[in-house]
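*Asks:* The structure under discussion is supplied below as structure tokens; questions concerning it will follow.
Each reported figure results from applying straightforward, stated rules to the coordinates on display, with no laboratory input. On a predicted model such as this, the values are computed, not experimentally measured, just so you know. Note: ideal-geometry Cβ built from the backbone for every residue, glycine included; neighbour counts use all protein chains shown.
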Amino acid sequence: MSELEEWYADYEDVLKEKHAGKDGNKHYVRPRLRAAYFSLKRFAPWLWTYEKYSDMSIPNTNAGIESLNSRLKTTMRVHSGITADRRKKLLENFIATHY
């Protein structure tokens, strides 16, 4: 049993706890905690991929791709009036030039 599964076994009742809302429906008391747990459970196999394949030099953050997305958004904002075809060519050229 993984540490995450052990944690869930200890706190399962807390995660499943509900209360009646103002609308009369039952709602989870800690929805953000539930969301965090289920995200960890779902994505755990991929969280430390960069360590498993250290020979591939995979970055441990997504800062590089976020930087690319930011620059692409800025480029698209500056050229907002171009056609879809020219926009595609602009993006292809931008990525080819910078990466």
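*Asks:* I want to check a number: in the chain, how many lysine pairs have alpha carbons closer than 18 Å, given a sequence separation of 8 or more or different chains?
*Replies:* Count of close lysine pairs: 5.
*Asks:* Need the full-extension length gain, Leu47 to Ala9, defined as separation in residues times 0.36 nm minus the C-alpha distance. One decimal, nm.
*Replies:* Details: separation 38, 0.36 × 38 = 13.68 nm, distance 2.14 nm.
11.5 nm is the gain from fully extending Leu47 to Ala9.
*Asks:* Once the Cα atoms of helix 31-47 and of the chain are each reduced to a long axis, what angle between those two axes, in degrees from 0 to 90 to the nearest 10, is obtained?
*Replies:* 60 degrees
*Asks:* Another one. When the helices in the chain are scored as -39500 (n - 2.57) per DSSP H run of 4 or longer and the sum is shared across all residues, what 222 nm value do you end up with, to the nearest 500 deg cm²/dmol?
*Replies:* -21000 deg cm²/dmol
*Asks:* So what's the Cα pair-distance distribution over region 3-47, bin width 10 Å, in %?
*Replies:* Histogramming region 3-47 at 10 Å steps yields 26, 45, 22, 7 percent.
*Asks:* Could you work out how far helix 3-16 tilts from the main Cα principal axis of the chain, as a 0 to 90 degree angle to the nearest 10?
*Replies:* Helix 3-16 sits roughly 70 degrees off the main axis of the chain.
*Asks:* Compute and list, largest first, the equivalent-ellipsoid semi-axes of region 1-81 from the alpha carbon gyration tensor, each √(5λ) rounded to a whole angstrom.
*Replies:* On the way: eigenvalues 268, 131, 7 Å².
Over the Cα atoms of region 1-81, the semi-axes work out to 37, 26, 6 Å.
*Asks:* Given a Förster distance of 30 Å, report the FRET efficiency between Leu33 and Met1 from their Cβ-Cβ distance, rounded to the nearest 0.05.
*Replies:* Efficiency, rounded to the nearest 0.05: 0.90.
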